[in-house]
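Single-structure report; data block below.
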Amino acid sequence: MDKSIAELRRDYTLGALTKASVDPDPIKQFQRWLQEAIAAQLPEPNAMTVATADRAGRIYARMMLLKDCDADGFVFFSNYQSDKGRQLAENPRAALLFPWLELERQVRIEGVVSKISSAESVAYFRARPRDSRLGSLTSRQSQVVASRRLLDERF
């Protein structure tokens with residue numbers, strides 16, 4: 001490695017964050033920035049890191065996709081039996097991070113998580129592509145898979 005990790009640095013010059021440039025409504029501001037990320041054709045502009053903690057305070061993070069954002073909050077979907085689902089049942093707080101590095105911007109969100117209605121969950125599931133639905137029905141999130149053959153047999 002030619003440079004040490006400590007020497008890796010760049011200047012950020014794309015824009016400034018001022019009171020005049022920010023919407024007083026944080027949801028509207030987020031939606032504007034998300035639209036900018038989409039317009040800039042960033043890869044997976046709705047990708048976010050979701051951090052949770054279990055009852056003992058151990059912290060976990062994983063990448064997920066935001067599925068909606070409105071005045072009621074930020075919507076993502078998860079299997080309730082996954083590690084993430086169990087952690088949120090024990091400790092219903094999470095942090096989200098949207099790393100829009102190409103725009104020299106990141107957005108952090110922290111707060112209480114609650115389940116959406118069953119009707120919304122069912123509507124989302126039915127709208128997923130068939131293979132995605134099948135995959136979610138056969139996969140046991142957060143569980144070790146003994147072999148690819150066993151996974152293929154489930155599918």
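The values are calculated or read from the model by the stated rules, or taken from the named source; none is laboratory data. Every value quoted in this text rests on a predicted model; they were computed, and no experiment measured them. Please note: Cβ atoms are built from the backbone with ideal geometry, for glycine as well, and neighbour counts cover all protein chains shown.
In table form, for the structure just shown:
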| item | result |
| --- | --- |
| Residue within the stretch 104-112 that is within 25 Å of residue 128 (Cα to Cα) and in contact with a strand residue (DSSP E or B) (Cβ under 9 Å, 6 or more places away or on another chain) present | no |
| Residue ID - modelled with the highest pLDDT, chosen from residues in the stretch 62-112 that are aliphatic (A, V, I, L, M) and in a loop (DSSP other than H, G, I, E, B) | 66 |
| Of all residues making up the stretch 66-120, the number that are basic (Lys, Arg) and closer than 16 Å to residue 55 by Cα | 3 |
| Pick from the stretch 65-112, criterion hydroxyl-bearing (Ser, Thr, Tyr) and over 14 Å from the mean Cα position of the chain (by Cα), ranking: surrounded by the most Cβ atoms within 10 Å (Cβ to Cβ) | 82 |
| Qualifying residues in the stretch 11-56 (those that are within 19 Å of residue 89 (Cα to Cα) and in contact (Cβ under 8 Å) with a residue 12 or more places away in the chain) - the one surrounded by the fewest Cβ atoms within 10 Å (Cβ to Cβ) | 55 |
| Qualifying residues in the stretch 20-54 (those that are among the polar types (S, T, N, Q) and part of a helix (DSSP H, G or I)) - the one farthest from residue 69 (Cα to Cα) | 21 |
| Residues satisfying the stated conditions in the stretch 113-143, i.e. in a loop (DSSP other than H, G, I, E, B) and either closer than 13 Å to residue 77 by Cβ or at pLDDT below 85 (or both) | 113, 115, 116, 117, 128, 129, 139, 140, 141, 142, 143 |
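Yes/no per residue for (1) in contact (Cβ under 8 Å) with a residue 40 or more places away in the chain; (2) closer than 22 Å to residue 56 by Cα; (3) of a type in the set (S, T, N, Q):
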residue: 80; (1), (2), (3): no, yes, no
residue: 96; (1), (2), (3): yes, yes, no
residue: 106; (1), (2), (3): no, no, yes
residue: 127; (1), (2), (3): no, no, no
